[in-house]
Amino acid sequence: MRKLHIFLIAFIVMTTFSLQEVKASGENNLYHQRMKLYKQVEAVTHIPWYYIAAVDQYERNVRAARRDLPKAGGASGIYFPPEQWAGIFNPNHEDENPATIDFFGGMGFDGNGDGKASRKSDEDVLHAFARYLQSYGTEQSHLKIGLWDYYKRDKAVSIIMGFAKIYKHFGRIDLEDHSFPVPLTSNYSYKNTWGDARGWGGRRIHEGTDIFADYGVPVRATCYGIVEMKGWNRYGGWRIGIRDIHNNYHYFAHLSGFAKDLKLGQVVEPGTLIGGVGSSGYGPPGTSGKFPPHLHYGLYKDNGYTEWSYDPFPHLKLWERQERQKMRKR
């Protein structure tokens, strides 16, 4: 009986690791497939691959966050509505004939040379969007104009350019790792405080999780991303905002100060030192000591129209557990 029990435990452990390996292998294959497509588009259009990857990731994020758009099913995340693809005056919005699509001014394009311009083809979709951008030019300033004309939203352009900078910096797109915001070796504590009432400055809800730690404990970037905000806020004190490639805005508030040489627009990775735990805020610049030192950590999501807060607590628990597992393996 004891041997059977041990066998079952061993079987479960081995199966779990096997499933994790299969999942990781599938994700790696998808990243490889996507990168191959971006490079193919770059070779034809001369638009650097990281801009194509940035648009593709932005669209993938928007589709994941909205209910009025179909979820991305292939390697490409870009979505063209049927009338935009085939041409608004085209009587057949499911048209895949490149000639009639061009006649009706649609954006559809035959990117893989099979004689069809299909919205279901990753190559056709990516080449179609790159072809649109190419009509504005291949320099960064030209691409920004093309993106603004397409999305009509400054924030969308800013986010996509940030993604491109991140991808160019690391030279790859598999940027999924995270770190807990304070060192696991430090003395800290936290619980789920998202949604709790707050009264200073008017009645509102608490849009984050408070991590209590000693004054000056290092605060680290939790993700691969770009520093989008740095400065003072009367609620959050000295605070930093980092945008990751999944369009999550990571908000770090009540800091004692910022890491030396940390700049707006800087690309960071999990574990990058960005500041220290403090008690700043609830007043004009420099106000401190109105509450015990702690890090306010918040998460916000943008869906292409607006941005909202969501509960970071489950993510913090996950990243904490993952980091502990990595430490045990060293």
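Evaluate the following for Ile145: is it free of Cβ contacts under 8 Å to residues at least 12 places away in the same chain and assigned to a helix (DSSP H, G or I)?
yes
Give Gly281, Gly275 a once-over and let me know the one that is outside the structural domain of Ala156 (by TED's automatic domain parsing), crowded, with 19+ Cβ neighbours inside 10 Å and at pLDDT 95 or above.
Gly275
Which of (1) modelled with pLDDT of 95 or more; (2) touching a Lys or Arg at 6+ places or on another chain (Cβ under 9 Å); (3) exposed (fewer than 15 other Cβ atoms within 10 Å of the Cβ) does Gly115 not meet, given it meets every other one?
Here Gly115 clears every test but (2).
Residue pairs, Cβ under 7 Å, 6 or more apart or interchain, first in the range 293-307 and in the same structural domain as Phe252 (by TED's automatic domain parsing), second of a type in the set (A, V, I, L, M) and part of a loop (DSSP other than H, G, I, E, B). List them.
Partner pairs satisfying both residue conditions: Leu295/Val182.
Anything in the range 152-208 that is small (Gly, Ala, Ser), in a loop (DSSP other than H, G, I, E, B), more than 19 Å from Asn247 (Cα to Cα) and modelled with pLDDT under 95? List them, or say none.
Hits for the range 152-208 are Gly195, Gly199, Gly201, Gly202.
Can you confirm whether the range 220-230 contains a residue that is more than 27 Å from Lys168 (Cα to Cα), free of Cβ contacts under 8 Å to residues at least 40 places away in the same chain, charged (D, E, K, R) and outside any loop (DSSP other than H, G, I, E, B)?
Checked against the condition, which is being more than 27 Å from Lys168 (Cα to Cα), free of Cβ contacts under 8 Å to residues at least 40 places away in the same chain, charged (D, E, K, R) and outside any loop (DSSP other than H, G, I, E, B), the range 220-230 yields no hits at all.
The values are calculated or read from the model by the stated rules, or taken from the named source; none is laboratory data. Quantities reported herein were computed from a predicted structural model and do not represent experimental measurements. Neighbour counts are summed over all protein chains in view; Cβ atoms, including those assigned to glycine, are modelled from backbone coordinates with ideal geometry.
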